[in-house]
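Student: Right, I'll just put the structure down here and ask away after.
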Amino acid sequence: MILTPEEKKAIAALKRVAKRWPESLWLFSASGTLHVMKKNEQGERVMLSSDGVDPDFAITSAYIENDGGDW
């Protein structure tokens, strides 16, 4: 697959972020938006009793087209 220079730079930037990503944060994909989520004091993802992600732990979001499905 041939990538543009812009695509190569974006991929490299994402890999740099992944190398320094803190263990206290995680990404949640919902409706095509990536949400940066904070883990609780025990280092765990916080879920609601209804098995959904607790939105109170959302810090910010960024639209990068994505899908949470499996291959």
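A short reminder: the numbers here are calculations on the coordinates, not readings from a lab. Keep in mind that what you see is a predicted model, and the values were worked out from it rather than measured. In this analysis, Cβ positions are derived from the backbone assuming ideal geometry, glycine residues included, and neighbour counts consider all displayed protein chains.
Student: In the chain, which GluC sites (Glu not before Pro) fall in coil by DSSP and have 13 or fewer other Cβ atoms within 10 Å?
Tutor: Numbers: sites: E6, E7, E23, E41, E44, E65; in loops: E23, E41, E44, E65.
Filter output for the chain: E23, E41, E44, E65.
Student: Determine the relative contact order of region 18-62: mean sequence separation of Cα pairs under 8 Å and six or more apart, normalised by residue count, in whole percent.
Tutor: Here the relative contact order equals 34 percent.
Student: What's the FRET efficiency of V17 with D70 using the Cβ-Cβ distance as r and R₀ = 25 Å, to the nearest 0.05?
Tutor: 0.60
Student: Let me ask something additional. If you work out log10 I(q)/I(0) by the Debye sum over Cα atoms at q = 0.23, 0.27 Å⁻¹ from the coordinates, which of (i) -1.01, -1.14; (ii) -1.17, -1.31; (iii) -1.04, -1.41 do you get?
Tutor: Here log10 I(q)/I(0) by the Debye sum over Cα atoms at q = 0.23, 0.27 Å⁻¹ agrees with entry (ii).
Student: How many lysine pairs are close in the chain, with Cα atoms under 20 Å apart and the two 8 or more places apart or on different chains?
Tutor: Counting lysine pairs in the chain gives 4.
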